[in-house]
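Since every read-out is calculated from the coordinates, none of them should be taken as a lab result. None of the values given here were measured: they were computed from a predicted structure. Heads up, the Cβs are rebuilt from the backbone with ideal geometry, glycines too, and the neighbour counts pull from every protein chain shown.
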Amino acid sequence: MPPADLLAAGRAEAESYGADLIDARVVEITNTFVLRLAGGRTLAARRLLLATGAVDELPDIAGARERWGRDFLHCPYCHGWEVRDQPIGVLGAGPGSADHAQLLRQWSDDIIFFTHSYALTDDERASLEAREIRVVDGLVSRLSVVDDRLEAVVLADGRAVPRAAVFIRPPLHGHRDGMIDSLGCDVDEAGLVRVDPVGRTSVRGVWAAGNAANPRAQVITAAGEGSAAAIAINTDLVEEDVRHAVGGLAS
């Protein structure tokens with residue numbers, strides 16, 4: 001299912017249960033959970049769930065952004081079946097790049113690893129060669145496209161290597177807009193929020209789910225984490241209501 005269709009279906013279902021969806025950007029969150037929107041409107045909340053996702057850091061290669069999610073891909077589990085038995089390239093971009101190529105080797109006998117900016121170790125190079133994954137050294141300058149389809153990977157020295165799809169394991173980091181920092185949530189070195197098993201952050205009343213906290217969360221995983229967080233939030237709110245009710249009786 002196309003992601004946009006899935007998003008539309010989810011929003012329609014939420015609205016059918018009475019949820020209000022506001023198409024606006026949050027520009028500031030106070031420590032009392034008052035949210036200021038880009039248009040000036042403010043909203044107050046008792047609890048907060050961060051589902052802001054994460055950002056893929058793409059290489060500075062001509063055509064990379066235009067082909068992203070089409071034939072310049074990231075996940076062998078998400079896209080491997082669609083490009084099975086085709087000429088596939090894997091772009092070296094950081095730790096784990098060689099492992100990425102090994103995963104793609106399950107889908108095709110024609111895999112080329114482009115070292116690009118990644119320095120392969122001798123062991124990694126040997127393991128790639130052992131599984132007949134060809135290694136091409138040199139910086140990649142652009143992705144060549146013909147009739148809206150990837151045709152080749154072009155290197156800085158002018159070599160053009162025909163490929164039908166290229167994969168990369170891009171660095172992933174949290175949104176760097178300052179909002180999470182302003183809340184004071186603990187984050188890891190990539191800027192992703194640290195959470196407990198139900199999505200609770202280090203800040204009282206704040207939860208996070210999906211790629212905001214888990215770089216490996218696919219849609220179904222993120223939905224499950226959102227469900228766990230929602231149950232925890234609901235339980236927390238009920239417990240607060242009970243405390244207030246009991247306190248009111250005591251007074």
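Only residues that are buried (at least 20 other Cβ atoms within 10 Å of the Cβ) and either in contact with a helix residue (DSSP H, G or I) (Cβ under 7 Å, 6 or more places away or on another chain) or without any contact (Cβ under 8 Å) to a residue 60 or more places away in the chain (or both) were counted in region 194-212, giving 7. Of the listed requirements (1) more than 17 Å from the chain's Cα centre (by Cα); (2) part of a helix (DSSP H, G or I), ALA4 misses just one: (1).
Flag: ALA222 matches the condition of being part of a helix (DSSP H, G or I) and touching a helix residue (DSSP H, G or I) at 6+ places or on another chain (Cβ under 9 Å). Scanning region 78-102 for residues that are touching a strand residue (DSSP E or B) at 6+ places or on another chain (Cβ under 8 Å) and over 16 Å from LEU150 (Cβ atoms) returns GLY92, ALA93, SER97, ALA98, HIS100, ALA101. The residues listed here are VAL83, VAL55, VAL90; of these, the one that is surrounded by fewer than 17 Cβ atoms within 10 Å (Cβ to Cβ), touching a residue at least 24 places away in the same chain (Cβ under 8 Å) and of a type in the set (Val, Ile, Thr) is VAL55. The condition (being exposed (fewer than 12 other Cβ atoms within 10 Å of the Cβ) and either farther than 21 Å from VAL135 by Cα or free of Cβ contacts under 8 Å to residues at least 60 places away in the same chain (or both)) is satisfied by just one residue among ALA8, ALA98, ALA14, ALA45: ALA8.
Contact map, region 168-193: residues that are farther than 19 Å from ALA38 by Cβ paired with residues that are of a type in the set (Ser, Thr, Tyr), Cβ distance under 6 Å, separation 6+ or inter-chain. Pairs shown: ARG169/SER97; CYS185/THR201; CYS185/SER202; ASP186/SER202; VAL193/THR201.
For region 24-67, a residue qualifies if it is of a type in the set (A, V, I, L, M, F, W, C) and closer than 22 Å to THR221 by Cα, and the qualifying residues are LEU48, LEU49, LEU50, ALA51, ALA54, VAL55.
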